[in-house]
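What follows is one structure encoded as structure tokens, with my remarks underneath.
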Amino acid sequence: MPEKKRILTGDRTTGKLHLGHYVGSLQSRVKLQEEYESFILLADIQALTTHFENPELLEHSIYEVAMDNLSVGLDPNKITLVQQSRIPAIGELTVFYSMLVTVNALRHNPTIKTEAANYGYSDMTYGFLGYPVSQSADITFCKANLVPVGEDQKPHMEMTRKIVRRFNELYGETLVEPDIMLSDCPRLMGLDGNAKMGKSLVNAVYLSDSADVVKTKVMSAVTDPSRIKKDDPGHPDICVVSKYHKIFNHGEYENICESCKKGAIGCVACKKALAGALNDLLEPFREKRAYYEAHRDEVRDIILTGSEKANRIGNETVKEVKEAMHIYIGD
Ligand code: TRP
Ligand code: SF4
């Protein structure tokens, strides 16, 4: 049997994951775990690049993000959960790769630019500017073949591929050039109509939200403002709720749009139907999560065991890299 190809992807551990993460990434991870050897990274060093001043949040988030991944159906017997800061190879490779990347290339990285603007940085730390280099180390320590991520990660993938090519060209074929696998689901809007569902915005439905919280959030979503009375004809094309129906209640989507246009369904009923569909999706996740919440030691063991496995692979890669660079003189 040919060896399975390898995937590496991950999340910054800056807070709980939400529905945007689910449709953009977690959902496909669940499918991919059957076909690929999957590494899921809890990116706590990358989280520090923006949260180094309040790290209290991070320890808690490492568990939350691990449980978010496990509760949606990632099977700890199939995937390897890795805590970034436990992998010295990532730090070492980051230093080596930093010789191959210019400051200007990082400054012009569109995602770095957008994020720096969003965080309001007038200047930025060396760590923040350089996180795409560290991300290249995340991906290459285990020689991942494929990286499933959202559109915003494209510049980082291009940088990773460039680093790999440059390294192999300079020092001989050592690293694996990974392919990017883009999510087929467009970015999920916030319930407030904001273009992005975001942790820092108050428009997110978290995978760990209770049924009541989900309902309250959905009921407060913005809708077509021209609908004053229940039977006013609506414009589902400009309504966030209809966009959610399209994704999470697909079977009813056409029906709901038609009824809305005719003024045959009121917004309250429409939102209740959406809350129901979301809760149907989330309920099995809540059950799994409740198990892990009650067995935190097990979550910890999954992370520690996964990180150990990652270290065996990463240390081997570092050795090969050092040999290729003629800086390895033996043990
Ligand atoms: N930068 C990614 C994000 O913000 C998280 C991440 C860190 C990642 N390391 C990675 C994604 C390696 C894919 C591969 O979502
Ligand atoms: Fe939006 Fe539904 Fe109201 Fe139409 S009925 S405006 S789709 S919430």
> Looking at the range 128-172, what % of the alpha carbon pairs are farther apart than 16 Å?
Replying inline: 34 percent
> Ratio of Rg to Rh for the range 60-200, alpha carbon only, Kirkwood?
Replying inline: 0.98
> With the dipole of the range 5-158 worked out from charges on the C-beta (+1 for Lys and Arg, -1 for Asp and Glu) around the Cα centre, which of 112, 84, 30 lies farthest toward the positive end?
Replying inline: 30
> Once label points are set 7 Å from the Cα along Cα→Cβ at both residue 315 and residue 99, what is their separation, rounded to one decimal in nm?
Replying inline: 2.4 nm
>> What does the extension gain come out to for residue 107 and residue 53, with contour length at 0.36 nm per residue minus their alpha carbon separation?
In response: 17.2 nm
> What Kirkwood hydrodynamic radius, in Å, does the range 145-209 give when the mean of 1/r is taken over all pairs of distinct Cα atoms and then inverted?
Replying inline: 14.3 Å
> Within the P(r) computed for the range 217-275, what percentage of the Cα pairs occupies the region above 15 Å?
Replying inline: 36 percent
>> Along the charge dipole of the range 177-326, pointing to its positive end and built from +1/-1 on Cβ of Lys, Arg, Asp and Glu, which listed residue (292, 245, 222) has its Cα farthest out?
In response: 222
>> Tell me the mean residue ellipticity at 222 nm calculated for the chain from its helices only (DSSP H runs of n ≥ 4, each -39500 (n - 2.57), averaged over every residue, nearest 500).
In response: -16500 deg cm²/dmol
> If the convex hull of the alpha-carbon atoms of the range 274-331 is projected onto planes in all directions, what is the mean projected area in square nanometres?
Replying inline: 7.1 nm²
>> Take the residue pairs 31/215; 196/217; 246/271 and return only those whose Cα atoms are more than 21 Å apart.
In response: 31/215
> So what's the chain giving for Cα Rg divided by 2.2 N^0.38 Å, two decimals?
Replying inline: 1.10
> Using the Karplus equation 6.51 cos²θ - 1.76 cosθ + 1.60 (θ = phi - 60°), what ³J(HN,Hα) coupling, rounded to whole Hz, does each residue of the range 314-324 give in order, writing x for Gly and Pro?
Replying inline: x, 5, 5, 4, 4, 4, 4, 5, 5, 4, 4
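Where a number appears in this text, it was derived from the coordinates with a stated rule and is not lab data. None of these values were measured; they are calculated from a predicted model. Note: ideal-geometry Cβ built from the backbone for every residue, glycine included; neighbour counts use all protein chains shown.
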